[in-house]
Amino acid sequence: MQIKCYPYDFEYQVKDGHVYVYLYSKLDNGAKICVLHEHQPFFFAKIHPIDLETIKKRLDQLVIKSEREEAKVVSVEEVEKELLGKKEKFLKIYVNYPKAVPLISKELESWGINCYEKDILFVHRYLRDLGITPMTLVQAEGEFSEKSELRVPVFIASRVDQLSKEPLHTWKILALDIETYAKKKEINPEKNPILMIAFYGIDEQGQEFQKVITWKNFDSNLNYLEIVSDEVELLKRFRRIMLDYQPDIITGYYSDGFDFPYLKTRADKHNLKLDLGLDHSELFISSRGKTEANITGCLHLDMFKFIRYIIGGSLKTDSYSLDSVSEELLGHRKHKVNINELAQTWDSQPEKLVDFCEYNLHDAHLALKLCQKLLSDIIEFTKLVNLPAADMIRMRFSRLVESYILSRAMEFNVLAPNRPADAEIEQRMEESIQGAFVYEPTPGLYQDVVVFDFRSLYPTIISAHNIGPESLHCSCCQKNTVPEREEYWFCEREKKFIPTVLEQLILRRVDLKRLIKEAKANNEDTKMLEARSYALKLLANSFYGYLGFYGARWYCLECAASTTAYARNYIKTTIKKAEQKCFQIIYADTDSCFLLLGDQHLDQAKEFMNEINFDLPGHMELEFEGYFPRGIFVALKGKEAGAKKKYALIDEKGKMKITGFETVRRNWSILAKEIQEKVLRLIMEDKKSQALEYVKTMIKELKSGQVDISKLILRTQITRELSQYSSIGPHVYAARKLQDLGEKIYPGMMIDYFIAKGTGLVRERAALPEESRPYDSEYYLYHQLLPAVISIFDVVGITEDELLGRSKQTGLGKFF
């Protein structure tokens, strides 16, 4: 018989000598099943000359004893694969279980045999081998099992095929959020209990489910509140609700790092089993590298991970807090409750716990809404890299690029090169290439600025010029050398693997940009389309970096160097042609060109752009970025030379485009950002005297202590564990203060602090926002306010002395 389903969670088991992939799936009618499909693990070996009979005899005798069972070869076959552009014969070696792959391959390598694809996770291997895309429609052929050890029916499949890439659109989602006892803001699951757990769910019919469980008696009219006797009963109810509701997707915000690990620790402390899996397995917390939580048969999507790793760069907020992210994406903020008072309220004022219950439920609701809002994006990325969504959302872009390439490798019969060994990584890390070309700007205030950008310059160069390790130094195209790098050339006759798969991303983003344009024309919300477009752009742009990344399988420094060489050539050619057309170039950098109209018209500038595009190959295109009546470029600090990537432009509608200034940096105070932005606008509107008076007024307010502390907060990200910092900056000092109060500090966390008045090193005066201390006005004047505006005023001849109201020093010569 045949069934159609949507697999969303995956694992494998070895039973009676057979390896089964478990595809936890959903039917159209909403029911869950688990499809079991046998699949044999394998890897590839390169042996010359290939004598199958001799090799088989030797491999038949190879047995490696491991902790659980013996690793051995099941069968061997000869195959032809392409490795770095060359078609060769390989042995495809099947082994008896997945963990035998590294054991057997390591033994073969000790014989001097090169082995490939020996480190690919088995579930990933299965999905790529069969072309199965998670969360989309597949067809399984087989029979239902009469007995099932699982909580859902089991279908034993003899065959599984992808039917379409159309995803299921109705999923049963449950979000959770916990609140814990923390008298001194300490996060200590070994010591402090969970006080309440909130659930917010939505099923396939759109019916909502709300529940808050707590174990403190108090009066309330909350119809979703359930009170139990103690924490043990709280955890039991958590388990029961999870099993009864049976969500397809469980979500939360930082649930990998906080909620689930905390629940597991508290359950272990009370000797309770959280056997939530559809196979009766317990909630599993993996701590390899970074903490991850897994429930078998339930797709866990930590929205914090996806937002931070994948779409975060497209957001305007400089914080990944639930409050900031929800405000931007959903238009909602967290409930205003002082969560630091929860422990005290719990102990002495339980009648006030209602506010905290509402706060708890609202956090779960926000997590649910974020999941609903971003689920289509998650599915799109899952389709792109052909990996389980739970794995995809936890990947950085470097891993996404490699995953995308690996998924496409199957279609092209391409064998993946091995990851480099430590010695090779060290060697690669010492190598470098020449970067982009920069036409240095002259500081000044300019009129009638036109900006052109090369659309996706590096990806389109790689695609247009067939740049990839497979096409490098081909024997047929030696005359087609790279500009400035005549020792490199690439094949012109046959499109190779890497540039081909990259081209697909480029074309997909072109389609997205068309959809965005149509949506804007219809006054539709384009935020998510733009986030997806940004992610695809970043993924495509990451190919260049990936080719030069020391840990990449498809590493090729010659490819990366050639890409930048072509980029330098194209921007120089554009500058030369612009000057021939009598346009003055004021700045150019990597893929952008800024010119002045002078006596010419905008149509003439666009005609010049079209002439450039006529000669460009492939999907390369020079785009019109915009016309700006005024623009300003500033000097490097203490120098006359213009600063790169630091300018401001104002368009005909008065909207400013600011690049490189402190207004777009997260580690500057709101005060400095606001003052700088206003000064930029006033200067570009020819209101120099107003700008001067405005800054003088703000300096007076700052010195007199009138500036609200909220505008002086500095935000800096913690990039690694606190113990790994050898140089202690103010943000690390402030983070250690938080840690001493019991707050968990993790890499990626934003630390808020201000510099207080006092003596000693600046870092030692880093104060937390809640500390009642006066700010250091001198610090903010000389390290925030003045640095934010002085280079702007220099352009129009206003000095620091004038800003501070100091009279100019007069030399003795004036008196003689």
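Here is a yes/no grid of residues against (1) basic (K, R); (2) closer than 15 Å to I405 by Cβ; (3) surrounded by fewer than 19 Cβ atoms within 10 Å (Cβ to Cβ):
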residue: A521; (1), (2), (3): no, no, yes
residue: Y534; (1), (2), (3): no, no, yes
residue: G545; (1), (2), (3): no, yes, yes
residue: W554; (1), (2), (3): no, yes, no
residue: L557; (1), (2), (3): no, no, yes
residue: T564; (1), (2), (3): no, no, no
residue: K577; (1), (2), (3): yes, no, yes
Practice task
Inspect all residues belonging to the range 457-465 and state whether any of them is closer than 30 Å to H601 by Cβ and modelled with pLDDT of 90 or more.
Solution key: yes
Practice task
Return yes when G642 is farther than 17 Å from D448 by Cβ, among the small types (G, A, S) and in contact (Cβ under 8 Å) with a residue 24 or more places away in the chain and no when it is not.
Solution key: yes
Practice task
Consider L738 carefully, then state whether it is under 28 Å from the mean Cα position of the chain (by Cα) and at pLDDT 90 or above.
Solution key: no
Handout entry: Selection within the range 598-615 - surrounded by fewer than 17 Cβ atoms within 10 Å (Cβ to Cβ) and of a type in the set (A, V, I, L, M, F, W, C)
Key = L602, F614
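For the range 136-151, give me the residue count where each residue is of a type in the set (V, I, T) and touching a Cys at 6+ places or on another chain (Cβ under 9 Å).
Looking only at that region, the number is 1.
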Exercise for the section: For E67, indicate whether it is in a helix (DSSP H, G or I), surrounded by fewer than 20 Cβ atoms within 10 Å (Cβ to Cβ), charged (D, E, K, R) and modelled with pLDDT under 85. Expected result: no
Exercise for the section: Could you identify the single residue in N294, N340 that is closer than 22 Å to R266 by Cα and in a helix (DSSP H, G or I)? Expected result: N340
Practice task
Tell me which of these Q676 doesn't satisfy, since it passes every other one: (1) among the polar types (S, T, N, Q); (2) surrounded by fewer than 20 Cβ atoms within 10 Å (Cβ to Cβ); (3) assigned to a helix (DSSP H, G or I).
Solution key: (2)
Practice task
Pairs only if they're at least six apart or on different chains, beta carbon under 7 angstrom, first in the range 554-574 and under 14 Å from V438 (Cα atoms), second small (G, A, S) and surrounded by fewer than 23 Cβ atoms within 10 Å (Cβ to Cβ); list them, first residue then second.
Solution key: T564/G435; T564/A436; A567/A436; R568/A436; I571/A588
Practice task
Would you please list the contacts, defined by Cβ atoms under 6 Å and residues six or more apart or on different chains, that run from a residue in the range 26-45 that is in the same structural domain as E11 (by TED's automatic domain parsing) and buried (at least 18 other Cβ atoms within 10 Å of the Cβ) to a residue that is in a strand (DSSP E or B) and among the polar types (S, T, N, Q)?
Solution key: I33/S25; V35/S25
Fill in the blank from the handout: Sole miss for I64 among (1) closer than 30 Å to R408 by Cβ; (2) touching a helix residue (DSSP H, G or I) at 6+ places or on another chain (Cβ under 8 Å) is condition (1)
Handout entry: Search result, residues across the range 472-493 that are assigned to a loop (DSSP other than H, G, I, E, B), on the phi < 0 side of the Ramachandran plot and either exposed (fewer than 13 other Cβ atoms within 10 Å of the Cβ) or touching an Asp or Glu at 6+ places or on another chain (Cβ under 9 Å) (or both)
Key = C474, S475, C476, C477, Q478, K479, N480, C491, R493
Practice task
Output yes when any residue across the range 265-285 is over 17 Å from K211 (Cα atoms), surrounded by fewer than 19 Cβ atoms within 10 Å (Cβ to Cβ), at pLDDT below 95 and out of contact with any Lys or Arg (no Cβ under 8 Å at 6 or more places or on another chain), and no when none is.
Solution key: no
Practice task
Considering every residue within the range 753-767, establish whether at least one is at pLDDT 90 or above and under 27 Å from the mean Cα position of the chain (by Cα).
Solution key: yes
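Condition (residue is within 27 Å of T574 (Cβ to Cβ), acidic (D, E) and either part of a loop (DSSP other than H, G, I, E, B) or in contact with a Cys (Cβ under 7 Å, 6 or more places away or on another chain) (or both)) applied to the range 679-689: is it met by at least one residue? Walk me through it before giving the result.
To start, the set of residues in the range 679-689 that are within 27 Å of T574 (Cβ to Cβ) comprises 684.
Next, only the ones that are acidic (D, E) stay: none.
Checked the range 679-689: no residue is within 27 Å of T574 (Cβ to Cβ), acidic (D, E) and either part of a loop (DSSP other than H, G, I, E, B) or in contact with a Cys (Cβ under 7 Å, 6 or more places away or on another chain) (or both).
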Fill in the blank from the handout: The strands (runs of 3 or more DSSP E) lying entirely within the range 1-54 that contain at least 2 residues which are β-branched (V, I, T) are 2-15, 18-26, 32-38
Fill in the blank from the handout: Among strands (runs of 3 or more DSSP E) entirely within the range 88-167, at least 1 residues that are closer than 26 Å to L59 by Cα occur in 114-116
Handout entry: Residues of the range 690-715 satisfying the condition of being among the hydrophobic types (A, V, I, L, M, F, W, C) and part of a helix (DSSP H, G or I)
Key = A691, L692, V695, M698, I699, L702, I709, L712
Problem - Considering residues of the range 434-461 that are under 27 Å from Y550 (Cα atoms) and out of contact with any Asp or Glu (no Cβ under 9 Å at 6 or more places or on another chain) only, the residue surrounded by the most Cβ atoms within 10 Å (Cβ to Cβ) - result: I461
Problem - Counted residues, the range 705-742 - those being within 18 Å of P774 (Cα to Cα), free of Cβ contacts under 8 Å to residues at least 24 places away in the same chain and polar (S, T, N, Q) - result: 1
Practice task
Would you be able to say whether some residue in the range 540-553 is assigned to a helix (DSSP H, G or I), more than 18 Å from the chain's Cα centre (by Cα) and closer than 26 Å to I612 by Cα?
Solution key: no
Exercise for the section: Would you confirm whether any residue within the range 346-363 is at pLDDT below 90, closer than 23 Å to A293 by Cβ and not assigned by TED's automatic domain parsing to the domain that holds Y8? Expected result: no
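Here's the yes/no breakdown for (1) free of Cβ contacts under 8 Å to residues at least 12 places away in the same chain; (2) among the small types (G, A, S):
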position	(1), (2)
K336	yes, no
I339	no, no
D355	no, no
N386	no, no
A423	yes, yes
Handout entry: Unique match (being free of Cβ contacts under 8 Å to residues at least 40 places away in the same chain, outside any helix (DSSP H, G or I) and small (G, A, S)) among G206, G201
Key = G206
Exercise for the section: Please note which helices (runs of 4 or more DSSP H) are completely contained in the range 746-803 and include at least 3 residues that are within 16 Å of A672 (Cα to Cα). Expected result: 777-780, 786-795
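The values are calculated or read from the model by the stated rules, or taken from the named source; none is laboratory data. Because the structure is predicted, anything quoted here is derived from the model rather than measured. So basically every Cβ, Gly included, is an ideal-geometry build from the backbone, and we count neighbours across all protein chains shown.
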